[in-house]
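Laboratory data are not the source of any read-out in this text; all were calculated from the coordinates shown. Note that the structure is a prediction, hence the values are computed from the model and not measured. Positions of Cβ are generated from backbone atoms using ideal geometry, with glycine treated the same way; all protein chains shown enter the neighbour counts.
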């Protein structure tokens, strides 16, 4: 079985995250780059299955600038067998649909039984790449899973919904996206870090995937406006002088909170 795990380098979620007001893109120099935590959890799902079963290949796949190779290589140190990084200047600032199109081309080139992704990356939080990728590939998507069970021919899991939990399943090949309810990714051991240096690490460009550069430059979506988030305003302080309840009720009604 071949499991492809989508991994992504993102600005450190514990640092400052800012947008470039000229380009509308994330300012990736504002904080240290890290492998997204949800990517690590996705890897853990694949690696846990591989640990318990023979003949399983785990491939980490990422679209990232060349400078992100160290971050992507962490997936190898965690235990992935190979890594594929798509590097092309034409993909700078790629939107969801272009990202999914390029990932689909890479997946077709690679071949797969299952693709595991996080439900949403911490930098964009769109949550739309897994469904768009499944659409491009013409396979089933099981999204937002809080528990996963994998077999040789199928995958199943639980998805929390309003008022309950759905049990879903699909035959392979399939795409799944997981939530933060899944276990944390394992910590790379010293042995794993040393082994990662010798594991295959392939770099692909758009021409390698048969995607015309001119086509990649055409936006699938257009940003209309961007502005800096306004500073947080101080809240309203109510001092009880015998009329606190009345003033609180007025505040809730005025702000349509009651």
* Asked: With contacts defined as alpha carbon pairs under 8 Å and 6 or more residues apart, what's the relative contact order of the chain in percent?
  -> 22
* Evaluate the distance, in nm, between pseudo-label points positioned 7 Å from the Cα of residue 246 and of residue 32 along their respective Cα→Cβ axes. => 5.6
* For helix 96-110, what angle does its Cα long axis make with the longest principal axis of the chain, in degrees from 0 to 90 and rounded to 10? -> 20
* **Nearest-ten-degree value, helix 244-254 long axis tilted from longest Cα axis of the chain** => 60
* Asked: Taking the DSSP beta bridges in the chain as the whole, what percent of them are antiparallel, to the nearest 5?
  -> 40
* Arrange the peptides 54-62, 91-99, 164-172 so that the one whose residues have, on average, the most other Cβ atoms within 10 Å appears first. => 54-62, 91-99, 164-172
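Determine the calculated [θ] at 222 nm for the chain from helices alone, applying -39500 (n - 2.57) to every DSSP H run no shorter than 4 residues and normalising by the residue count; nearest 500 deg cm²/dmol.
Values: 7 runs with 72 residues, N = 258.
The per-residue figure over the chain is -8500 deg cm²/dmol.
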* **Ranking of 53, 136 by count of other Cβ atoms within 10 Å, fewest first** => 53, 136
* **Chain lengthening between residue 186 and residue 165 when straightened (0.36 nm per residue, less Cα-Cα)** => 4.8 nm
* Asked: What angle, in degrees between 0 and 90 and rounded to the nearest 10, separates the Cα long axis of helix 37-52 from the longest principal axis of the Cα atoms of the chain?
  -> 40
* Asked: Relative to the present Cα-Cα distance, how much length would full extension add between residue 57 and residue 152 at 0.36 nm per residue of separation?
  -> 32.9 nm
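How far, in nm, would the chain grow between residue 125 and residue 254 when pulled straight, counting 0.36 nm per residue and subtracting the alpha carbon separation?
Values: separation 129, 0.36 × 129 = 46.44 nm, distance 3.18 nm.
Length gained between residue 125 and residue 254: 43.3 nm.
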* Asked: Going by a ≥ b ≥ c, the root eigenvalues of the Cα gyration tensor, does region 57-135 fall in the rounded group (a/c under 1.5), the prolate group (a/b larger than b/c) or the oblate group?
  -> rounded
* Ascending count of other beta-carbon atoms within 10 Å, so fewest first, for 176, 63, 211, 115 -> 211, 63, 176, 115
* To do: State the label only: which of (1) -0.42, -0.61, -0.96; (2) -0.53, -0.62, -0.87; (3) -0.39, -0.57, -0.97 corresponds to log10 I(q)/I(0) by the Debye sum over Cα atoms at q = 0.08, 0.10, 0.14 Å⁻¹ computed from the shown model?
  => (3)
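Counting other beta carbons within 10 Å of each residue's own, what order do 89, 110 fall into, fewest first? The partial results should precede the final answer.
Working: 89 11, 110 16.
So the residues, fewest neighbours to most, are 89, 110.
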* Springs between alpha-carbon atoms under 10 Å, Gaussian network over the chain: tell me which of 190, 112, 201 tops the mean-square fluctuations. => 190
* Hey, rough spin-label estimate for residue 229 and residue 95, points 7 angstrom out along Cα→Cβ, what's it come to in nanometres? -> 2.3
